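**Student:** Mind having a look at this structure? Questions to follow.
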Amino acid sequence: MKKQSGFTLIELVVVIVILGILAATAFPRFINLQRDARVAKLRALEGAMQSAVAMVHGTALARAGQGAVNNCTLPANGNGGTGVAMEGSTAAQAKCITVTYFYPADALAGIAKAALTVPTAAVTGTPTVVELNLQGYSYSAANGMMVQSGTGGYVATCAVPYTASGLGGVPTIGPVDFSGC
């Protein structure tokens with residue numbers, strides 16, 4: 001009787017299982033999850049902006065024309081002054097959110113200050129563009145708030161635009177631009 005050479009069924013199954021395990025661990029490295037992460041961050045920013053608009057609007061309606069509250073003043077018409085004070089104010093005007101007709105202004109001292117928690121060294125508590133960049137955000141008055149990524153030299157241009165309201169209007173958040181993510 002001749003001795004046959006080859007692989008047994010068990011050896012083939014073991015090799016297939018090992019290849020499956022290797023493929024399962026290597027597969028996520030080949031999938032680009034960075035876009036999904038940027039889109040999720042954009043959605044979170046959109047939600048934070050919507051929440052900030054609601055909180056600032058309610059606070060502005062309650063405090064308009066009441067004089068200084070935590071060193072922040074807001075005239076009765078809801079426009080101008082130093083803005084409205086949000087909770088946690090420690091230094092003079094550190095948390096005064098700039099408002100335009102009872103809503104956060106489309107400025108760093110407005111919506112960016114109200115919607116984002118950015119550790120800031122500024123005396124006014126208003127984040128700077130550099131501080132926003134360190135948190136993965138960018139701000140442009142023309143483009144609204146943008147999410148960017150600093151990995152591999154790639155910079156995303158996906159954005160959540162914010163436009164402050166005029167007299168009697170509500171601000172516009174969005175539509176979110178996912179095209180550059």
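**Student:** Which condition does SER51 not pass, out of (1) at pLDDT below 90; (2) closer than 18 Å to LEU116 by Cα, if it passes all the others?
**Tutor:** Status for SER51: all satisfied but (1).
**Student:** Output the number of residues of segment 166-181 satisfying the condition of being assigned to a loop (DSSP other than H, G, I, E, B), under 21 Å from MET146 (Cβ atoms) and in contact with a Phe, Trp or Tyr (Cβ under 6 Å, 6 or more places away or on another chain).
**Tutor:** Going through segment 166-181 one residue at a time, the tally reaches 1.
**Student:** Additional query: With the requirement that a residue be polar (S, T, N, Q) and surrounded by 13 or more Cβ atoms within 10 Å (Cβ to Cβ), what does segment 29-58 give you?
**Tutor:** GLN34, GLN50
**Student:** In segment 136-157, is there at least one residue being modelled with pLDDT of 80 or more, outside any strand (DSSP E or B) and on the phi < 0 side of the Ramachandran plot?
**Tutor:** Checking segment 136-157: not a single residue is modelled with pLDDT of 80 or more, outside any strand (DSSP E or B) and on the phi < 0 side of the Ramachandran plot.
The values are calculated or read from the model by the stated rules, or taken from the named source; none is laboratory data. Just so we're clear, the structure is a prediction, and the values are computed from it rather than from any experiment. Glycine gets a Cβ as well: all are built from the backbone with ideal geometry, and neighbour counts include every protein chain shown.
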